[in-house]
1. Using the 10 angstrom Cβ neighbour count as an exposure proxy, how do F171, F81 rank, fewest first?
2. Quick query: amide H of L199 versus all other amide H atoms, modeled in the peptide plane; which residues come in under 5 Å with a sequence gap of 5 or more or a different chain?
3. Scan the chain and note any complete DSSP helix (H) whose C-alpha atoms cover at least 30 Å along its axis and whose Kyte-Doolittle average is 1.0 or more.
4. For the chain, what does the convex hull of the Cα positions come to per residue, in cubic angstrom?
5. Volume per residue, Å³, of the convex hull around the alpha-carbon atoms of region 54-171?
6. What is the spin-label model distance, in nm, from R64 to K226 if the labels are put 7 Å beyond Cα along the C-beta direction?
7. Under 5 Å between amide hydrogens, which residues at least 5 positions from V186 or on another chain qualify, with H placed 1.01 Å from N in the peptide plane?
8. For the chain, set up a Gaussian network in which alpha carbons nearer than 10 Å are linked by springs, and say which option among G60, G106, G129 fluctuates the most.
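Here, each number is a calculation from the coordinates, and none is a lab measurement. The structure displayed is predicted, hence computed values, not measured ones. Cβ placement follows ideal geometry from the backbone for every residue including glycine, while neighbour counts extend to all protein chains displayed.
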Amino acid sequence: MDKWLYVFINLGAVSIPFIAGFDNRLRFHKQWQYLFPAMALTMLVFIPWDMLKTDLAVWGFNPRYLLGFYIGNLPLEEWLFFIAIPYACLFTYHSLNYLVKTDFIGRYAGRITLVLGLLLLAIGILNTGKLYTSITFISTGSFLLLHHFVIRAGYMGRFYLMYLVTLLPFFIVNGILTGSFIPGEVVFYDDSQNLGIRLGTIPVEDMVYGLLLLLMNVTWFEFFRKKRANGI
């Protein structure tokens with residue numbers, strides 16, 4: 001049963017959003033034409049990154065909790081993670097846009113993006129000897145600044161709301177993966193390559209990594225929706 005744990009985590013994360021997405025009010029399945037290209041393009045960035053970090057032993061996977069099927073040097077479950085988690089979070093993003101009519105964070109989104117982008121970029125540059133920290137923080141900070149100065153999207157307030165709402169399931173899922181609720185870890189880290197700051201058992205870098213993963217998915221998702229709306 002242990003070997004199915006990471007599979008069950010992925011299924012647990014995506015099952016309710018998948019079923020609820022067929023609700024007549026939300027009709028999230030109508031968004032699949034934008035969702036799946038967004039997920040695929042994001043995976044083109046994150047899968048090679050994940051493979052490189054695994055190869056460099058920045059992190060690794062406990063075979064006790066894996067089925068044993070690999071694509072490249074990544075277990076099948078890790079590939080499924082990049083489908084299940086973005087699907088669940090983009091469903092949350094779509095649902096909040098439908099349920100919460102007022103963009104409460106929108107007026108502050110520009111300042112949040114600028115300050116957070118500069119802060120993450122600075123921390124990453126100051127920790128170039130730590131691969132997980134430096135690459136994650138520099139990449140996320142740069143992408144946020146790209147949003148602030150170039151993309152200038154009107155959905156950042158909505159994105160931040162989704163990110164805040166998904167922090168609770170994030171701590172549950174990542175807590176399981178990093179050993180908060182099970183003996184050992186599904187995913188283990190070389191702490192010499194991160195700041196060594198943990199929220200429970202979760203490296204703080206995971207929160208930044210997750211922010212970048214979700215923002216990139218939302219960016220492509222909104223790009224394809226806008227492209228369709230403009231008849232391109």
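1. Numbers: F171 16, F81 22.
Lowest count first: F171, F81.
2. Answer set, sorted by chain and number: V204.
3. Values: long enough: 32-55 (33 Å, 0.70); 76-99 (34 Å, 0.87); 106-126 (31 Å, 1.68); 204-229 (38 Å, 0.44).
Length and hydropathy pass: 106-126.
4. Working: hull volume 29.7 nm³, N = 232.
Hull volume normalised by residue count: 128 Å³.
5. Values: hull volume 15.9 nm³, N = 118.
Residue-normalised Cα hull volume stands at 134 Å³.
6. Taking the simple label geometry, R64 and K226 are separated by 4.7 nm.
7. It is T178, G179, by chain and number.
8. G129
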